[in-house]
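Single-structure report; data block below.
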Amino acid sequence: MKILIKNIKSLVQVEEKPRLKVSGAEMKKLSCLENAWLAIEEDKIADFGSMESFPGISDWSNLQVIDATDKLVLPSWCDSHTHIVYAGNRESEFVDRINGMSYEEIAKRGGGILNSAKKLADTSEDELFNSAMKRIREVILLGTGAIEIKSGYGLSLETELKMLRVIKRIKEKAPIPVKATFLGAHAVPKNISTLTGFENLSGLLQKEKYIDLILKEMLPQIAKENLAEYCDVFCEQNYFTKEDTKKILSAANKLGLKGKVHAEQLSHTGGVEAGLDCNAISVDHLEFVNDNDIALLKRSETMPTILPGAQYFLCLQYPPARKMIDAGLAVAIASDYNPGSCPSGNMNFMVSHACVHYKLTPEEAINAATINSAYAMGLSKTHGSIAIGKQANIFITKEMPNYSFIPYSFANNLIETVIINGKLIIEN
Ligand code: NIG
Ligand code: FE
């Protein structure tokens, strides 16, 4: 099967010489080919060029031709941070927040992550799989072509394994690449039946017991069954400290799982430093990142990742994304799709919010949501740009003047056609 897309108004994010990520001032550059064609063979990008030097079609067999006059073609978004396997929703907590309660207050009374853990414990693997696959389909139609998915609503050995097995099934079934992250250290479980015997311990001791369980039982089992590529920790007050984070990530490293950190989201807790000490692939959220963290990040290969949807939905202060790029850092954008802090996986919105509020230019935001977010899940050799030999995961927009229209025309449906692995997924 071959696809030829011709008369493309602008082929966006083309790379003659593929890069793993883009940093600092380079992020302002977005290489585009105007009036272009793109050829796809099987599941890969075969070639591209300008219509002026179009070689013509010599072999029409098995060829589908798409005319993209006045439309743009982009590489699919790469979403390097999601929690899309979950049970139920938390709209009542959303209403509680409108009425004045904080995310922290809701968590303290047993809501938040623990609320989702309770719901997940009562939901079958099949139900979890089916609801997550619906969300996968939904985000593919919104332009996402690679995704990372975390566990973390299990919080016991059995339920964390259950989540990771569901993620494994999604990996096998979904048409887009899926990276699995073990997030056992998402919250400390309290009084849940699966941890009988822990109920009478003080909060601190419960946490120590739980970390022990992560280190001695969960991580070894997950590594043995090869259920995750990454290990993540929610480094935050009332959750896990910088020291806890280092302990968990170094144990994960020894078992071959690279680190990720939920860092500096609600306060400055040292998550970035912990991540850097353990050579994490990314540190995510970063609303409370400070100048020292920025200086340390500059000396590392770790990808600072902002999650505009969670900042928006929890009404947090803005991450200093502009400052980070101006300091020479690379920045990635992901959605954080989850039932508590971001019940949306729409990467078009994430890109727009980063432009409007954090003052990223459209070029920076598109780089952040393609090549840099591919890097944040180890996929930038195969995804995140238009380059010969890369996976043919792309989308064709509706008619529009240029790529700045994507963040400009916020919350509108701008995607007309999605191609995944060289196959047409939808044409509106
Ligand atoms: O990335 N910050 C921690 N974890 C999620 C929220 C999880 C939840 O509220 O269910 C996040 O924002
Ligand atoms: Fe998250």
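The values are calculated or read from the model by the stated rules, or taken from the named source; none is laboratory data. Just so it is clear, the structure is predicted and the values come from calculations on it, not from any experiment. Here the Cβ is made from the backbone with ideal geometry for all residues, glycine too, and neighbour counts use every protein chain on show. Please note that ligands, DNA and RNA were not included when accessible areas were found on the heavy atoms of the full protein model with its side chains. Shrake-Rupley method; radii C 1.70, N 1.55, O 1.52, S 1.80 Å.
Would you mind telling me which residue in Leu157, Leu314, Leu205 has the biggest mean-square fluctuation in a Gaussian network model of the chain, where springs connect alpha carbons within a distance under 10 angstrom?
Taking springs between Cα atoms under 10 Å, the residue moving most is Leu205.
In the stretch 78-375, what percent of the accessible surface is made up of carbon and sulfur (1.4 Å probe, ligands and nucleic acids excluded)?
Values: 5520 of 10770 Å².
It is 51 percent, rounded to a whole number.
Please get the size of the charge dipole for the chain, origin at its Cα centre, with Cβ charges of +1 on Lys and Arg and -1 on Asp and Glu, quoted in debye to the nearest 20.
440 debye
Got a sec? Which residues in the stretch 248-265 would a label at Asn292 touch, if it sits 7 Å along Cα→Cβ and we count backbone N under 16 Å?
Answer for this model: 264.
Using modelled amide H (1.01 Å from N, peptide plane; none on Pro or chain starts), what sits under 5 Å from the amide H of Cys231, excluding residues fewer than 5 places away?
Here the answer is Phe182, Lys258, Gly259, Lys260, since their amide H atoms fall under 5 Å of that of Cys231.
Multiplying the sequence separation of Glu26 and Leu141 by 0.36 nm and subtracting their Cα-Cα distance, what value in nm do you get?
Working: separation 115, 0.36 × 115 = 41.40 nm, distance 2.93 nm.
Additional length available on full extension: 38.5 nm.
Evaluate the distance, in nm, between pseudo-label points positioned 7 Å from the Cα of Leu201 and of Glu52 along their respective Cα→Cβ axes.
My value for the distance between the label points is 7.0 nm.
I'd like to know how the chain sits against the 2.2 N^0.38 Å rule of thumb: what's its Cα Rg over that expected value?
Details: Rg = 21.5 Å, N = 428, 2.2 N^0.38 = 22.0 Å.
It is 0.98.
Considering the dipole of the stretch 254-395 built from charges on the beta carbon (Lys and Arg +1, Asp and Glu -1) around the Cα centre, which of Ala334, Met324, Gly256 is farthest to its positive end?
About the Cα centre, the residue reaching furthest to the positive side is Gly256.
Could I have the simple spin-label model distance between Asp326 and Glu301, label points 7 Å from Cα toward Cβ, reported in nm to one decimal?
3.0 nm
Which whole-number value in Å² is the accessible area per residue of the chain, probe 1.4 Å?
Value returned for the chain: 39 Å² of accessible area per residue.
I'd like the FRET efficiency for Asn62 and Ser409, computed as 1/(1 + (r/R0)^6) with the beta carbon distance as r and R0 of 41 Å, rounded to 0.05.
0.70
Springs between alpha-carbon pairs under 10 angstrom, Gaussian network model over the chain: which of Lys242, Lys17, Lys390 fluctuates most?
So, out of Lys242, Lys17, Lys390, the one fluctuating most is Lys17.
Which whole-Hz couplings ³J(HN,Hα) result when phi for each residue of the stretch 256-265 is put into the Karplus expression 6.51 cos²θ - 1.76 cosθ + 1.60, θ = phi - 60°, listed in order with x for Gly and Pro?
x, 9, 6, x, 9, 9, 7, 10, 6, 8
How large is the helix-only mean residue ellipticity at 222 nm for the chain, computed as the sum of -39500 (n - 2.57) over DSSP H runs with n ≥ 4, divided by its residue count, in deg cm²/dmol to the nearest 500?
Per the formula, -9500 deg cm²/dmol.
Lys/Arg Cβ at +1, Asp/Glu Cβ at -1, dipole of the chain taken about the Cα centre: which of Leu128, Tyr408, Cys278 is farthest positive-ward?
Cys278
Given the options Asn412, Asn99, Asn253, state which has the largest fluctuation in a GNM of the chain using a 10 Å cut-off (strictly under) for Cα springs.
With Cα springs under 10 Å in the chain, the top fluctuation among Asn412, Asn99, Asn253 is at Asn99.
Whole angstrom only: what separates the Cα centroid of the stretch 4-49 from the Cα centroid of the stretch 80-98?
Rounded to whole Å, the Cα centres lie 36 Å apart.
Tell me, what HN-Hα J-couplings in whole Hz come from the Karplus equation 6.51 cos²θ - 1.76 cosθ + 1.60 at θ = phi - 60° for each residue of the stretch 171-186, using x for Gly and Pro?
3, 6, 9, 6, x, 9, x, 10, 10, 9, 10, 7, 10, x, 8, 9
By how many nm would the segment from Lys108 to Glu217 grow when fully extended, if each residue of separation counts as 0.36 nm and the alpha-carbon distance is taken off?
So the chain would gain 36.6 nm between Lys108 and Glu217.
In whole Å, what is the distance between the alpha-carbon centres of the stretch 298-373 and the stretch 110-177?
22 Å
What is the set of long-range amide H partners of Lys44 at a cut-off below 5 Å, with H atoms built 1.01 Å from backbone N?
The answer is Ala392.
In terms of modelled amide H atoms, which long-range or inter-chain residues lie less than 5 Å from the amide H of Ile415?
Answer set, sorted by chain and number: Lys398.
Starting at the first residue of the stretch 400-415, write each ³J(HN,Hα) from the Karplus equation 6.51 cos²θ - 1.76 cosθ + 1.60 with θ = phi - 60°, in whole Hz, x for Gly and Pro.
With coefficients 6.51, -1.76 and 1.60, one gets 7, x, 6, 5, 5, 5, 5, x, 5, 8, 5, 6, 9, 7, 9, 9 Hz.
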